[in-house]
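Every read-out reported here was derived from the displayed coordinates using simple, explicitly stated rules and does not represent laboratory data. Predicted, not measured: the structure shown is a model, and the values here were computed from it. So basically every Cβ, Gly included, is an ideal-geometry build from the backbone, and we count neighbours across all protein chains shown.
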Amino acid sequence: MNKKSLESNPNLVKTLEALFDDQEENIDKAVRCLKVLAHPQRLKILCVLQTGEHSVQQLEQYVGIAQATLSQHLSLLKDRGILTSRRQGNFSLYSVANQDMVGLFEKIQTIFCAAH
């Protein structure tokens, strides 16, 4: 949309200003989150974890990557607020941080993985 189009539509300008007002931090957070999701192994991890909580050992088996690599991916996903973890004895158990993230992943699956 060019500048002339915006000038001829003041309602759109007001709507966009309201949408972007004080949202830079949230936009940056969304970008960081979406970038971290843009990796095949991390999408596989989320696919497993949307079914519920799993240990690192289970994830290693299901996703099929070495524990050291898996731990790096889990750490990054946790750092971005996508996953959460807890200790149970000698095991670290991981799960999706909130239902909104599960919903986002389900939407990704619907768009890209649905049978055509």
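Quick look at the values:
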read-out	value
Helix-derived mean residue ellipticity, 222 nm - over the chain, DSSP H n ≥ 4, -39500 (n - 2.57), to 500	-20000 deg cm²/dmol
Hits among aspartates and glutamates - C-alpha to C-alpha of K107 under 19 Å, sequence gap 8 or more where chains match	none
Length-normalised contact order for the chain - Cα pairs under 8 Å, 6+ apart - percent	21 percent
Sequence-distant residues sharing a close amide H with L83 (under 5 Å, placed H)	K78, A97
Formal net charge of residues neighbouring K78 (Cβ-Cβ distance under 14 Å; K, R +1; D, E -1)	+3
Cβ-based exposure ranking for H39, H73, in which fewest neighbours within 10 Å come first	H39, H73
Cα-based convex hull, the chain, per residue volume (Å³, whole number)	151 Å³
